[in-house]
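Every number in this text was worked out from the coordinates using simple rules, so none of it is lab data. On a predicted model such as this, the values are computed, not experimentally measured, just so you know. Using ideal geometry, Cβ is built from the backbone for each residue, glycine included, and neighbour counts are taken over all protein chains shown.
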């Protein structure tokens, strides 16, 4: 099933929040989180496999210049991430309400890992990271 994932962009020149198409087979919240973590870990680890002298990212220098940043994609950390560890961490964080998953199209917030997704073609899913704030007591 094709869904859309809302992604926050860092650039000031683009829309701040954009939708990325994503194909999923997940039927529960736990399966969706696992799928997303495996996908992102594979992307992250693939950057570590490149062995060129200067790593040019997928973007052209011109598009990077428009954003105000030019880099050669040099990575200082060459360690790969273990997908199983990251899956366990993501599930732990969801259980402890460190992020929420919302079906923006159906206006439904998923509360637990065993909950069925009940997705329709083209639904928009949002992952919202909750940040703990520190400061003084009022």
(message) Could you give the length gained by full extension between residue 132 and residue 48, i.e. 0.36 nm per residue of separation minus their alpha carbon distance, to one decimal place?
(response) 27.1 nm
(message) Can you compute the modelled spin-label distance between residue 85 and residue 111, with each label point 7 Å from Cα toward Cβ, in nm?
(response) 3.4
(message) What distance in nm separates the two pseudo spin-label positions at residue 6 and residue 35, each 7 Å out from Cα along the beta-carbon direction?
(response) 1.9
(request) First measure r as the distance between the Cβ atoms of residue 95 and residue 18, then evaluate 1/(1 + (r/R0)^6) with R0 = 22 Å and state the FRET efficiency to the nearest 0.05. (result) 0.15
